[in-house]
Amino acid sequence: MTCVAAACADSHSLSFISLSKTYPYTRAHAPNTHPTYAPRDSAVNSSCVRVAGKESLDAMIGEGWEVRDRMTLQPLLPSAQSLRLASVDFATGRLRFSTPLPATVKPHDLVASLSRPAEVLVRNSSFWGNLGHGVRIKSDNATVQGCRFGYNSFMSVLMVPDGAFWMSSGAVRNATVTGCTIERGGIWADAQYDVDATSITVTAYVPAGTSAGGEPEGSAPLAVGAVNQGITISNNSVIQAQGVGTAFLFRATTDYAVTGNRVMWDRANTSNRLVHALNSKGLSYNNTCIYGQEQVPC
């Protein structure tokens, strides 16, 4: 369970693995790192925060924590700095850091543990006919290799740091999907987290705005800026579901690479495209696109 402000979201559908273990998972979403988010509930420059939902608190003295702006998911500390946990009261859910929080931190911004797995591996697994996604990644250094996806209701692979709903990641960095077979993923042809239905979506989710009382509300894809980095989609074989024009969508992502993929659509359509990039930068090269039986430029 992960928490922000006074409310917690039950995230039992998100799973966690680490240390390069193979994940023989065939039913639900995977994999996911799950740092606990906490609200800042005291004065500017305070070194304390309190976690709503203290029963789920997982913290260790001395570990590093980060702070992110909830509306942009941008870090509020320089990249080489983090908050060090000095003490924790599990009874009250109160955390004290060795230094004050930055003065720029607002009441609904996010504080998260940096304790994450060194590597996540999903290999030679089947994700078939799920009422949801195939794999949902919210982790650094994740690899999905040699897997088989088919007839999942939504996209086969979703990478999504989320400050609006699940509260379960600050960014996805250095993630790879390679050597997989995707057969008609996203059969509901529902864009869900962004503007296009896809086979693979890399995006970022934030509150859509704030209420008159200053509370974050709603949810929307991040429209400006980038948080994800170093995403590679390579050497996959994809058969697009009917009504799913975009194969791969990138939002809020830098340094993506799409290469060596073979993507097939049933017929030519103006909505067909290999890559749809939104506030993102990267490269797409050496891919093969086929409409029906005809190979066309990607």
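The values are calculated or read from the model by the stated rules, or taken from the named source; none is laboratory data. Since the model is a prediction, treat every value here as computed from it, not as a measurement. Please note: Cβ atoms are built from the backbone with ideal geometry, for glycine as well, and neighbour counts cover all protein chains shown.
Below is a table of values for the structure above.
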{"read-out": "Options ALA204, ALA208, ALA257; residue that is farther than 16 Å from ALA189 by Cα, aliphatic (A, V, I, L, M) and free of Cβ contacts under 8 Å to residues at least 40 places away in the same chain", "value": "ALA257"}
{"read-out": "Counted residues, the stretch 104-130 - those being at pLDDT 80 or above, part of a loop (DSSP other than H, G, I, E, B) and surrounded by fewer than 19 Cβ atoms within 10 Å (Cβ to Cβ)", "value": "3"}
{"read-out": "Qualifying positions in the stretch 205-238 - more than 18 Å from TYR256 (Cα to Cα) and assigned to a loop (DSSP other than H, G, I, E, B)", "value": "PRO207, ALA208, SER211, ALA212, GLY213, GLY214, GLU215, GLY218, SER219"}
{"read-out": "Filter result (under 17 Å from ASN174 (Cβ atoms) and in a loop (DSSP other than H, G, I, E, B)) within the stretch 240-281", "value": "ALA252, SER280"}
{"read-out": "Selection count, the stretch 172-204, where residues are hydroxyl-bearing (Ser, Thr, Tyr), under 20 Å from GLY282 (Cβ atoms) and in a strand (DSSP E or B)", "value": "3"}
{"read-out": "Check on ASP140, assigned to a strand (DSSP E or B) and surrounded by fewer than 24 Cβ atoms within 10 Å (Cβ to Cβ)", "value": "no"}
{"read-out": "Residue in the stretch 79-91 that is under 30 Å from SER211 (Cα atoms), surrounded by fewer than 20 Cβ atoms within 10 Å (Cβ to Cβ) and not assigned by TED's automatic domain parsing to the domain that holds THR232 present", "value": "no"}
{"read-out": "Qualifying residues in the stretch 263-298 (those that are under 20 Å from CYS180 (Cα atoms) and charged (D, E, K, R)) - the one surrounded by the most Cβ atoms within 10 Å (Cβ to Cβ)", "value": "ARG273"}
{"read-out": "Selection count, the stretch 50-67, where residues are within 16 Å of ALA86 (Cβ to Cβ), in a loop (DSSP other than H, G, I, E, B) and modelled with pLDDT under 70", "value": "2"}
